[in-house]
Amino acid sequence: MKQTFTYPITEKEQGKTIEQVLRQKGFSRRLLVRLRKTDHGICLGENGEIPVYTTKIVSEGDLLTIRIPDDSPSEHIVPVRQDFTILYEDGDLMVIDKPAGMPVHPSQGNFYNTLANGIAWYFSQKGENFTFRAVNRLDRDTTGLLIIAKHLLSAAVLSEMVAKKQIRRQYLAAVSGKTEESGSVCAPIARADGSTIERCVDPVRGEYACTHYKTLAYCPEKDCSLVLLSLETGRTHQIRVHMKYIGHPLYGDFLYHPDYRFINRQSLHSFRLSFLHPITGKALSFEADIPDDFAFAVPEGFSVSGYSRIQEEQECRP
């Protein structure tokens, strides 16, 4: 989706090159290369009519116009209607509540049943081309919140925010046994020997991974704990591997704990996302309702949302 952005040059930006100004606004080097190759991609003037190089030094009061080029549409993704909820959408991004059983990206054996297929269908109905850019990723059977960038600039800024851990993610999990009131699991994760999918804690080969959790509730009848988790890192299967490692695996996890008494998929839900809007800088926060199949772990009358808001300014740390 083509976007145009206009930036009045401030006193603090005076004397800087256009590249320095744009880098401070979140433009990646890769995007700057694209802009240099785009007709009238970087311009000055009241109407954005004067093409300039990124080496141009700007003065206070200059008007800098940036025209983000159209990206190649995801032509290999077949538009297929899918059932998901859009919690938020503007010209820069979307926030999706993904259901269980839906892969994010097409892969072998999953060409038509993914979130990417559903997003492609959504925009085809609006007569718009769209390139699929998922900022964060969820496993097929993990439910909840996921960010979609709608153009190259928002994708660049959000990706940088992910790298700098500026997008706060909170998850809910229903795990076996009674967990401690709070805790941290800092254990390196590696690919399990002989498997392309399974991960394990491996102090020698593993990459650093750290997960923090707080116990929200415990159900003695089911010997089940409901925990709120946050991640310092984003390793594949991190929560699933770490909770198993400390003796509290997730229910319904076909890889790490295939106990399907209460739920027939891994009991993990991307519950909350908090971040600054990549273009406006406005603080955004979203919560995804707990899915029906997850209700077994939530005590009657307990408000996860209320608890989360009380804890909003705290990390999930002991």
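The values are calculated or read from the model by the stated rules, or taken from the named source; none is laboratory data. All figures in this text were calculated on a predicted structure; none of them were measured in a lab. In this analysis, Cβ positions are derived from the backbone assuming ideal geometry, glycine residues included, and neighbour counts consider all displayed protein chains.
Would you point out which residue out of GLU180, GLU160 is surrounded by fewer than 16 Cβ atoms within 10 Å (Cβ to Cβ) and either aliphatic (A, V, I, L, M) or assigned to a helix (DSSP H, G or I) (or both)?
Details: GLU180 fails: either aliphatic (A, V, I, L, M) or assigned to a helix (DSSP H, G or I) (or both).
Only one candidate passes the filter, namely GLU160.
The residue that is farthest from ALA156 (Cα to Cα), among those in segment 78-137 that are among the β-branched types (Val, Ile, Thr) and assigned to a loop (DSSP other than H, G, I, E, B), is VAL80.
Within segment 133-144, does at least one residue satisfy the condition of being crowded, with 20+ Cβ neighbours inside 10 Å, touching a strand residue (DSSP E or B) at 6+ places or on another chain (Cβ under 7 Å) and over 29 Å from LEU255 (Cβ atoms)? No; the residues of segment 133-144 include none that is crowded, with 20+ Cβ neighbours inside 10 Å, touching a strand residue (DSSP E or B) at 6+ places or on another chain (Cβ under 7 Å) and over 29 Å from LEU255 (Cβ atoms).
Pick from LEU226, LEU231, LEU216: which is farther than 14 Å from GLU180 by Cβ, of a type in the set (A, V, I, L, M, F, W, C) and touching a residue at least 24 places away in the same chain (Cβ under 8 Å)?
Values: LEU226 fails: farther than 14 Å from GLU180 by Cβ; LEU216 fails: farther than 14 Å from GLU180 by Cβ.
Only one candidate passes the filter, namely LEU231.
If you go through segment 22-34 one residue at a time, do you hit one that is among the polar types (S, T, N, Q) and farther than 30 Å from PHE271 by Cα? Scanning segment 22-34 turns up at least one residue that is among the polar types (S, T, N, Q) and farther than 30 Å from PHE271 by Cα. Looking at (1) acidic (Asp, Glu); (2) in contact with a strand residue (DSSP E or B) (Cβ under 6 Å, 6 or more places away or on another chain); (3) surrounded by fewer than 18 Cβ atoms within 10 Å (Cβ to Cβ), which is the one condition that is false for ASP90? ASP90 satisfies all of (1) acidic (Asp, Glu); (2) in contact with a strand residue (DSSP E or B) (Cβ under 6 Å, 6 or more places away or on another chain); (3) surrounded by fewer than 18 Cβ atoms within 10 Å (Cβ to Cβ) except (2). Of the candidates ALA155, ALA173, the single residue that is part of a helix (DSSP H, G or I) and either touching a Lys or Arg at 6+ places or on another chain (Cβ under 9 Å) or closer than 22 Å to LEU228 by Cβ (or both) is ALA155.
Which residues, taken from segment 192-216, are in a strand (DSSP E or B) and crowded, with 16+ Cβ neighbours inside 10 Å?
ARG199, CYS200, VAL201, CYS210, THR211, HIS212, TYR213, LYS214, THR215, LEU216
Would a scan of segment 4-19 turn up a residue that is within 26 Å of the chain's Cα centre (by Cα) and either of a type in the set (Ser, Thr, Tyr) or closer than 23 Å to VAL162 by Cα (or both)? Yes, there is a match, as at least one residue in segment 4-19 is within 26 Å of the chain's Cα centre (by Cα) and either of a type in the set (Ser, Thr, Tyr) or closer than 23 Å to VAL162 by Cα (or both). The residue that is farthest from ASN129 (Cα to Cα), counting only those in segment 58-87 that are surrounded by 15 or more Cβ atoms within 10 Å (Cβ to Cβ) and of a type in the set (Ser, Thr, Tyr), is THR65.
I'd like to check something: does segment 19-40 contain any residue that is part of a strand (DSSP E or B) and either modelled with pLDDT of 95 or more or of a type in the set (A, V, I, L, M, F, W, C) (or both)? Looking for residues that are part of a strand (DSSP E or B) and either modelled with pLDDT of 95 or more or of a type in the set (A, V, I, L, M, F, W, C) (or both), one finds none in segment 19-40, hence no.
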